[in-house]
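Enquirer: One structure, pasted below without further comment.
The values are calculated or read from the model by the stated rules, or taken from the named source; none is laboratory data. Note that the coordinates shown come from a computational prediction; the quantities given were computed from them, not determined experimentally. Cβ: placed from backbone, ideal geometry, glycine included. Neighbour counts: every protein chain shown.
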Ligand SMILES: [Zn+2]
């Protein structure tokens, strides 16, 4: 996952801080980070290839940096030997204090050479950009974490609590059977922590080279899928009657299409709308403030909902994504099915969604079945302690940028730690242009300067969270 919740209509910020460059690491560390990024991009870690080759390279680097072999663990589910996860423990002076967990995923989405201008599995530097699959999602973050561990070790840094870094497999595909889900289920002791920092979310948004704002992710929507089904007696195609499974289903779907789930906000989305209001003017400002209240203003919510990204912030959404029906060209259908993809607000419930869906379809002959129990992902509380820590690090890098708590409309591995009871904060360090996000797409790229800054940021972030 790597989607920023861009909510802004503003064209530019026109403030002095907006285009001031941030600090970068000392030259040797900058070179090491670039070297690691190149190594990682050059190893294909798509679903078919797996992560073990990359995990082994990283393990070797950590061992030669002085990490004890027992603190650098390669581990995969027994039936997935090519999908290793690498878990590193940077020990505190005193054992026993509860740890902080840093999360990053090593696997990437497939990329075809013929679709790209460069070889996606070879890091290419061109005009101030790094091109390659995973440069943004998220080998940049993995390289920054690895370089930070090596740098801290060289500097003889000792954290006040254990710092665990989990560089995992299968985020982009099969995430329920591997990655943090597998580690939490089978080896919780390896990654158990009181708080988690996920670099696969959050981060900065640029427009025309100017900094707009930095997002800290506290939550994400919950993924749930329902199957609708209708049946009818069927018969010869020459003798249609009143009861037809396909029409019954599509009539219900038309009603669902017009239905809007009730407006629902969370502590995060209210804070988010309030902060974004401060960056807007006129009606855009007023409407954001009006939905940020404890009781959101329905007219303002209705106006904002015309924008699909804002709509997704304001309510649970459910949409038809697949449909099938009938069994022969010349026969009346006996059965029709549709898949309904829901993205629930983190404070919504599956029972509530199912009831509202049933009401919207308004036909008791349309059956509704939940495909699988969803992975609930409760909002991580936006405590003063976390906000202060994040603000201190972000502003040490990029003074004065607005910091905005957000809920992602998609999901990441953060849902695994959140559902396991570990509050998780998305605190990525990369700045990306709001209009040029190529994660999962062709010619994925990041700015060279932005990468260097994200490495320095990760170093400061790990020290801040390692300090308790
Ligand atoms: Zn990702």
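Enquirer: If residue 106 meets every condition in (1) out of contact with any helix residue (DSSP H, G or I) (no Cβ under 7 Å at 6 or more places or on another chain); (2) within 24 Å of residue 447 (Cβ to Cβ); (3) at pLDDT 95 or above apart from one, which number is that one?
Expert: (1)
Enquirer: Suppose we filter 96, 50 for residues that are more than 16 Å from the ligand (Cβ to nearest atom), modelled with pLDDT under 90 and over 23 Å from residue 393 (Cβ atoms); which single one remains? Walk me through it before giving the result.
Expert: On the way: 50 fails: modelled with pLDDT under 90.
Testing whether each residue is more than 16 Å from the ligand (Cβ to nearest atom), modelled with pLDDT under 90 and over 23 Å from residue 393 (Cβ atoms) leaves just 96.
Enquirer: Can you tell me which residues in the range 198-247 are over 30 Å from residue 313 (Cβ atoms) and either within 16 Å of the ligand (Cβ to nearest atom) or surrounded by 19 or more Cβ atoms within 10 Å (Cβ to Cβ) (or both)? Even if it seems obvious, please write down each step before you answer.
Expert: Restricting attention to the range 198-247, the residues satisfying the condition of being over 30 Å from residue 313 (Cβ atoms) are 229-247.
Those that are over 30 Å from residue 313 (Cβ atoms) and either within 16 Å of the ligand (Cβ to nearest atom) or surrounded by 19 or more Cβ atoms within 10 Å (Cβ to Cβ) (or both): 230, 232, 244, 245.
Enquirer: Ok, one more. Restricting attention to the range 58-78, does a residue exist that is within 16 Å of the ligand (Cβ to nearest atom) and either under 18 Å from residue 170 (Cβ atoms) or in contact with a strand residue (DSSP E or B) (Cβ under 8 Å, 6 or more places away or on another chain) (or both)? Spell out how you get there, then give the answer.
Expert: Initially, the range 58-78 is screened for residues within 16 Å of the ligand (Cβ to nearest atom), giving none.
No, the range 58-78 has no match at all.
Enquirer: Next question, about the same structure. So which strands (runs of 3 or more DSSP E) are wholly in the range 161-277 and hold at least 1 residues that are over 30 Å from residue 94 (Cβ atoms) and in contact (Cβ under 8 Å) with a residue 24 or more places away in the chain?
Expert: Working: elements: 163-168, 195-198, 203-207, 210-220, 222-231.
Filter on the range 161-277 gives 203-207, 210-220, 222-231.
Enquirer: Residue 395 is checked against (1) under 30 Å from residue 209 (Cβ atoms); (2) not in a helix (DSSP H, G or I) and fails just one. What number does that condition carry?
Expert: (2)
Enquirer: Tell me, which residue of the range 344-358 that is in contact (Cβ under 8 Å) with a residue 24 or more places away in the chain and surrounded by fewer than 20 Cβ atoms within 10 Å (Cβ to Cβ) is nearest to residue 419 (Cα to Cα)? So that I can check it myself, show each step before the final result.
Expert: To start, the set of residues in the range 344-358 that are in contact (Cβ under 8 Å) with a residue 24 or more places away in the chain comprises 344-348, 350, 353-354, 356-357.
Checking which are surrounded by fewer than 20 Cβ atoms within 10 Å (Cβ to Cβ) leaves us with 347, 350, 354, 356.
Numbers: 347: 13, 350: 15, 354: 21, 356: 24 Å.
Ranking the candidates gives 347 first.
Enquirer: Starting from residues that are exposed (fewer than 12 other Cβ atoms within 10 Å of the Cβ) and under 26 Å from the mean Cα position of the chain (by Cα), keep the ones in the range 291-332 and report whichever is nearest to residue 231 (Cα to Cα).
Expert: 322
Enquirer: Restricting to the range 418-458, what's the tally of residues that are within 16 Å of the ligand (Cβ to nearest atom) and assigned to a loop (DSSP other than H, G, I, E, B)?
Expert: Looking only at that region, the number is 10.
Enquirer: What number of residues within the range 429-453 are modelled with pLDDT of 95 or more and touching a helix residue (DSSP H, G or I) at 6+ places or on another chain (Cβ under 6 Å)?
Expert: So the count comes out to 6.
Enquirer: Quickly run through the range 99-133 and pick out the residues that are without any contact (Cβ under 8 Å) to a residue 24 or more places away in the chain and surrounded by fewer than 14 Cβ atoms within 10 Å (Cβ to Cβ).
Expert: 112, 113, 114, 126, 127
Enquirer: Report, by residue number, each residue of the range 251-279 that is buried (at least 18 other Cβ atoms within 10 Å of the Cβ) and over 30 Å from residue 365 (Cα atoms).
Expert: Result: 265, 266, 268, 269, 271, 272, 273, 275, 276, 277, 279.
Yes/no matrix, rows are residues, columns are (1) at pLDDT below 95; (2) within 16 Å of the ligand (Cβ to nearest atom); (3) within 18 Å of the chain's Cα centre (by Cα):
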| residue | (1), (2), (3) |
| --- | --- |
| 360 | no, no, no |
| 365 | no, no, no |
| 368 | no, no, no |
| 388 | no, no, no |
| 392 | no, no, no |
| 403 | no, no, yes |
| 407 | no, no, yes |
| 416 | no, yes, yes |
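Enquirer: Condition first: assigned to a strand (DSSP E or B), in the same structural domain as residue 315 (by TED's automatic domain parsing) and over 29 Å from residue 205 (Cα atoms). Can you find one or more residues in the range 340-362 that meet it?
Expert: Step one: list which residues in the range 340-362 are assigned to a strand (DSSP E or B), which gives 340-344.
Next, from what is left, pick out any that are in the same structural domain as residue 315 (by TED's automatic domain parsing): 340-344.
Checking which are over 29 Å from residue 205 (Cα atoms) leaves us with 340.
Checked against the condition, which is being assigned to a strand (DSSP E or B), in the same structural domain as residue 315 (by TED's automatic domain parsing) and over 29 Å from residue 205 (Cα atoms), the range 340-362 yields at least one hit.
Enquirer: Condition test on residue 139, is it assigned by TED's automatic domain parsing to the domain that holds residue 182 and within 14 Å of the ligand (Cβ to nearest atom)?
Expert: On the way: assigned by TED's automatic domain parsing to the domain that holds residue 182: yes; within 14 Å of the ligand (Cβ to nearest atom): yes.
Yes: the conditions hold for residue 139.
Enquirer: Here is a follow-up. Of everything in the range 115-136, what is away from the ligand (no atom under 16 Å from the Cβ), part of a loop (DSSP other than H, G, I, E, B) and in contact with a strand residue (DSSP E or B) (Cβ under 7 Å, 6 or more places away or on another chain)? Give them in sequence order.
Expert: Of the range 115-136, the ones away from the ligand (no atom under 16 Å from the Cβ) are 115-119, 121-131.
Adding the requirement that they be part of a loop (DSSP other than H, G, I, E, B) leaves 116-119, 121-123, 127-128.
Scanning the range 115-136 gives 118, 123, 128.
Enquirer: I'm told residue 54 meets every condition in (1) assigned to a loop (DSSP other than H, G, I, E, B); (2) farther than 13 Å from residue 132 by Cα; (3) within 23 Å of the chain's Cα centre (by Cα) except one. Can you identify the failing condition by its number?
Expert: (1) is the only condition that residue 54 fails.
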